[in-house]
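**Student:** Before we start, here is the structure in question, set down as structure tokens.
The values are calculated or read from the model by the stated rules, or taken from the named source; none is laboratory data. These figures come from a predicted structure and were not determined experimentally. Neighbour counts are summed over all protein chains in view; Cβ atoms, including those assigned to glycine, are modelled from backbone coordinates with ideal geometry.
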Amino acid sequence: MPTPSSRLGPLKRVRTSVLDIAYAEAGPADGRPVLLLHGWPYDVHTYADAAPLLAAAGFRVIIPYLRGFGATRFLTDASPRNGQQAALASDAIELIEALGLERPIVGGCDWGARTACILAVLHPARVRAIVSVSGYLIGSQAAGATPLAPEAERSWWYQYYFATERGRQGYALHTHDFARLIWKTASPRWTFDEPTFLRSAAALDNPDHVPIAIHNYRWRLGLAEGEARYAAMEERLASFPPVTIPAVTLEGDANGAPHPRACDYRARFTSAYEHRLVEGGIGHNLPQEAPDAFARAIVDADRMVG
């Protein structure tokens, strides 16, 4: 059975103001930097097959464990276990600064795609281009307060489950089983095997994982407060600013997770832009299910900069 990070090499570490971040790295140290961000309930192995492709193309690939995942840890017990979007984006920009990455291309899926979009709109001078699975995913508590159509509400069942104490306890008790269910429903045609799942599920054993995940979904519904330090950032994000740097968005043809239609976010991208539908039964975890297509999007996003 693969061990965590066995496909990505030994982990490295870097400190930011809040975290001791564990990350995998591939490719030449002097290559153009690419920052790849995973989502929930996944981990760095979302990019286990895409990273070697990018490394072979000459890119320096950085893949961090998000707060609450894998070997990443808070520096102090006093730090709030905050999963709001601005906190995750702040972690990413601090990582870029700590590693001295010069205008990386940022790619992401799920939570990572949201962070890629946030970096693009708040720090366009610091990011070269983005690749975002499922497009423009920036949210706000105000938008989250608006009821959706019944079918759309049903697809978010786990968000409402997490809003309850029963849901928090249930996720804490059955974290791996819960994640396996999400993997299956979000990617109904992905035939991943048990070793592949367990390799990533180990990242969910982080002691901060459950509070981070619960806070993330409760914050979206306005059921949990964020930190005051991020209030100005959230106010800017709530206006849904456009992405003004080159971008490629991707969608799988069998994505079983809640996701927006490509036509609904097209106007959010005002620079060089391409949207690609990746066919072949590709679900929500697109970079792991279709690594060639994802790596190609990174290469093409780089070329779009000119």
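**Student:** In segment 61-97, what count of residues is obtained for those that are in contact with a Gly (Cβ under 6 Å, 6 or more places away or on another chain) and either in contact (Cβ under 8 Å) with a residue 40 or more places away in the chain or of a type in the set (G, A, S) (or both)?
**Tutor:** Final tally of qualifying residues: 1.
**Student:** Pick from R266, R220, R276: which is out of contact with any strand residue (DSSP E or B) (no Cβ under 8 Å at 6 or more places or on another chain) and either at negative phi or at pLDDT below 95 (or both)?
**Tutor:** Criteria check complete, one pass: R220.
**Student:** While we're on this one: Restricting the search to segment 193-251, which residues are over 22 Å from R73 (Cα atoms) and of a type in the set (D, E, K, R)?
**Tutor:** Of everything in segment 193-251, those that are over 22 Å from R73 (Cα atoms) and of a type in the set (D, E, K, R) turn out to be D193, E194, R220, E234, E235, R236, E251.
**Student:** Under the condition of being in contact (Cβ under 8 Å) with a residue 24 or more places away in the chain and of a type in the set (D, E), which residue from segment 179-208 is surrounded by the fewest Cβ atoms within 10 Å (Cβ to Cβ)?
**Tutor:** Checking each candidate, the answer is D205.
**Student:** Moving on to the next point. In this structure, is V299 under 17 Å from A129 (Cα atoms) and more than 20 Å from the chain's Cα centre (by Cα)?
**Tutor:** When the stated conditions are applied, V299 does not pass them.
**Student:** Then there is this: So in segment 45-60, with the set limited to residues that are of a type in the set (A, V, I, L, M) and free of Cβ contacts under 8 Å to residues at least 60 places away in the same chain, which one is surrounded by the fewest Cβ atoms within 10 Å (Cβ to Cβ)?
**Tutor:** Checked segment 45-60; the qualifying residue surrounded by the fewest Cβ atoms within 10 Å (Cβ to Cβ) is A56.
**Student:** Also, I was wondering about something else. How many of the residues making up segment 286-298 are in contact (Cβ under 8 Å) with a residue 60 or more places away in the chain and within 11 Å of A254 (Cβ to Cβ)?
**Tutor:** Final tally of qualifying residues: 2.
**Student:** In contact with a Pro (Cβ under 8 Å, 6 or more places away or on another chain) and more than 18 Å from L137 (Cβ to Cβ), is that true of A301?
**Tutor:** No, not satisfied.
**Student:** Could you list all residues from segment 229-242 that are of a type in the set (S, T, Y) and surrounded by 16 or more Cβ atoms within 10 Å (Cβ to Cβ)?
**Tutor:** Hit for segment 229-242 is Y230, nothing else.
**Student:** Have a look at Y161, Y171, Y217 and point out the one that is over 29 Å from R128 (Cβ atoms), of a type outside the set (A, V, I, L, M) and without any contact (Cβ under 8 Å) to a residue 24 or more places away in the chain.
**Tutor:** After ruling out the rest, the residue left standing is Y161.
**Student:** Please find, among D91, D30, D43, D49, the residue that is farther than 19 Å from H215 by Cβ, in contact with a helix residue (DSSP H, G or I) (Cβ under 9 Å, 6 or more places away or on another chain) and acidic (D, E).
**Tutor:** From the options D91, D30, D43, D49, the qualifying one is D49.
**Student:** Would you say P195 is in a loop (DSSP other than H, G, I, E, B) and modelled with pLDDT of 95 or more?
**Tutor:** no
**Student:** Let me ask another. Just the residues that are β-branched (V, I, T) and closer than 30 Å to P147 by Cα, please, taken from segment 194-221.
**Tutor:** Those that are β-branched (V, I, T) and closer than 30 Å to P147 by Cα: V210, I212, I214.
**Student:** Okay, moving on. Looking at A29, A78, A22, A86, which one is hydrophobic (A, V, I, L, M, F, W, C), surrounded by 23 or more Cβ atoms within 10 Å (Cβ to Cβ) and at pLDDT 95 or above?
**Tutor:** Only one candidate qualifies: A86.
**Student:** Would you confirm whether or not segment 220-228 contains a residue that is in a loop (DSSP other than H, G, I, E, B), of a type outside the set (D, E, K, R), surrounded by fewer than 21 Cβ atoms within 10 Å (Cβ to Cβ) and touching a His at 6+ places or on another chain (Cβ under 7 Å)?
**Tutor:** Looking for residues that are in a loop (DSSP other than H, G, I, E, B), of a type outside the set (D, E, K, R), surrounded by fewer than 21 Cβ atoms within 10 Å (Cβ to Cβ) and touching a His at 6+ places or on another chain (Cβ under 7 Å), one finds at least one in segment 220-228, hence yes.
**Student:** Filter segment 156-179 down to residues that are assigned to a helix (DSSP H, G or I), more than 19 Å from A203 (Cβ to Cβ) and under 19 Å from the mean Cα position of the chain (by Cα), then give me how many there are.
**Tutor:** 1
**Student:** Being assigned to a loop (DSSP other than H, G, I, E, B), crowded, with 23+ Cβ neighbours inside 10 Å, aliphatic (A, V, I, L, M) and touching a residue at least 60 places away in the same chain (Cβ under 8 Å) is true for just one of V106, V127, V131. Which residue is that?
**Tutor:** V127
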